[in-house]
Amino acid sequence: MELPKYLQIAEEIKEKIRNGNLKPGDSIPSENSLCATYNVSRMTVRKSLFLLSTEGYIASIAGKGSFVKEPDSEKYLLYYNELVNLISRIDRTRLLEVKIVLPPPEVMNSLHLSSNRKIILVKRLFYSNSEKVAYDLKYLIYYKGMPVVEKEIQYGTFPEMVSKYTSLFAIQKELTISAQLPDDEIARQLSLYNHQPLLVVEQKLFNYQKEPIGLGITYYRGDYCKLYARSPFSALE
């Protein structure tokens, strides 16, 4: 299927940047020039330039135009799905608990909640090839009248859990990744009998107004999880 025109323009400019025909500091053709070259409207060209800007390829300066940016060598795109990673695929989930509670202090602070604002607490176990590989906690802000559908909660990823209440396109996400040793509760849930380190992924979700709407913490056995990131300027996009 043919790409939309604004994506075609963006991809052609990306290719010129990747192959060195356009170098950091070089100017991008003007909007008028791009309109004429591709026989498209100014709106289409602006969508292309906006895409290139948000992906870090160019920067626009008012009154001067758009220029190729120096690539950020410290920037990576991380691919994360709590049910699939480079080592294992979660083939079964077990819902341990789902209930409406008052938030513990750390969750209250993270989600900027008052002490009397209720949350939905979800606890799950993830299995791969019959092995317990992760213990999963989700904290969703509770809204009066919100239905709690256990089947959807049991099998859904974190963004999918909140998609009924806000568009997936509107959800903004933050990830924090760390390593830690399990406490007694996590060791019991994962049947760990030694000090095996865990890979801990904390997800925080925000709505389009940048207000926190949920917090998720997944504790993976270190031997069952490997994450993948790459440069945002890779030709494999």
### Query
Among Phe126, Phe158, which is the only one that is touching a Ser or Thr at 6+ places or on another chain (Cβ under 7 Å) and closer than 15 Å to Glu82 by Cβ?
Phe126
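Condition check ((1) touching a strand residue (DSSP E or B) at 6+ places or on another chain (Cβ under 9 Å); (2) more than 22 Å from Gly156 (Cα to Cα); (3) in contact (Cβ under 8 Å) with a residue 24 or more places away in the chain) across all residues:
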residue	(1), (2), (3)
Leu52	yes, yes, yes
Gly63	no, yes, no
Tyr76	yes, yes, yes
Asn81	no, no, yes
Asp91	yes, no, yes
Asn109	no, yes, no
### Task
For the range 218-234, name all the residues that are surrounded by 20 or more Cβ atoms within 10 Å (Cβ to Cβ) and part of a strand (DSSP E or B).
Thr218, Tyr219, Tyr220, Arg221
### Query
From the set of residues in the range 139-160 that are assigned to a helix (DSSP H, G or I) and more than 14 Å from the chain's Cα centre (by Cα), which is modelled with the highest pLDDT?
Ile153
### Task
Being assigned to a loop (DSSP other than H, G, I, E, B) and within 20 Å of Tyr219 (Cβ to Cβ) is the filter here, so list the residues in the range 116-138 that pass it.
Asn129, Ser130
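Give the residue, chosen from Leu199, Leu205, that is part of a strand (DSSP E or B), among the hydrophobic types (A, V, I, L, M, F, W, C), touching a residue at least 12 places away in the same chain (Cβ under 8 Å) and touching a Cys at 6+ places or on another chain (Cβ under 8 Å).
Of the residues listed, the single one that is part of a strand (DSSP E or B), among the hydrophobic types (A, V, I, L, M, F, W, C), touching a residue at least 12 places away in the same chain (Cβ under 8 Å) and touching a Cys at 6+ places or on another chain (Cβ under 8 Å) is Leu199.
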### Task
Considering only residues that are surrounded by 12 or more Cβ atoms within 10 Å (Cβ to Cβ) and among the hydrophobic types (A, V, I, L, M, F, W, C), look in the range 63-83 and name the one that is farthest from Tyr220 (Cα to Cα).
Phe67
### In the range 64-81, the residues that are modelled with pLDDT of 90 or more and of a type in the set (D, E, K, R)
Lys69
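Yes or no, residue by residue, for (1) touching a residue at least 24 places away in the same chain (Cβ under 8 Å); (2) out of contact with any Asp or Glu (no Cβ under 8 Å at 6 or more places or on another chain); (3) part of a helix (DSSP H, G or I):
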| site | (1), (2), (3) |
| --- | --- |
| Ile17 | yes, yes, yes |
| Leu22 | yes, yes, no |
| Ser33 | no, yes, yes |
| Thr37 | no, yes, yes |
| Ser48 | yes, yes, yes |
| Phe67 | yes, no, no |
| Ile100 | yes, yes, no |
| Pro103 | yes, yes, no |
| Ser114 | no, yes, no |
### Summary
If you go through Val107, Val133, Val98, the only one that is over 23 Å from Leu175 (Cβ atoms) and surrounded by 12 or more Cβ atoms within 10 Å (Cβ to Cβ) is Val98
### Query
Which is of a type in the set (D, E, K, R) and more than 24 Å from Leu190 (Cβ to Cβ), of Arg117, Arg92?
Arg117
### Task
Tell me, yes or no, whether the range 84-95 has at least one residue that is exposed (fewer than 12 other Cβ atoms within 10 Å of the Cβ) and within 25 Å of Glu211 (Cβ to Cβ).
no
### Task
Examine the range 33-43 for a residue that is touching a Lys or Arg at 6+ places or on another chain (Cβ under 8 Å), surrounded by 15 or more Cβ atoms within 10 Å (Cβ to Cβ), within 30 Å of Met161 (Cα to Cα) and not polar (S, T, N, Q), and state whether such a residue exists.
no
### Task
Only residues that are charged (D, E, K, R), over 19 Å from the mean Cα position of the chain (by Cα) and in a strand (DSSP E or B): list them for the range 69-96, please.
Arg92, Arg94
### Query
What number of residues within the range 172-196 satisfy the criterion of being touching a residue at least 40 places away in the same chain (Cβ under 8 Å) and either assigned to a strand (DSSP E or B) or more than 20 Å from Glu106 (Cα to Cα) (or both)?
6
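The values are calculated or read from the model by the stated rules, or taken from the named source; none is laboratory data. Quantities reported herein were computed from a predicted structural model and do not represent experimental measurements. Because the Cβ atoms are built from the backbone with ideal geometry, glycine has one as well, and the counts that use them run over all protein chains shown.
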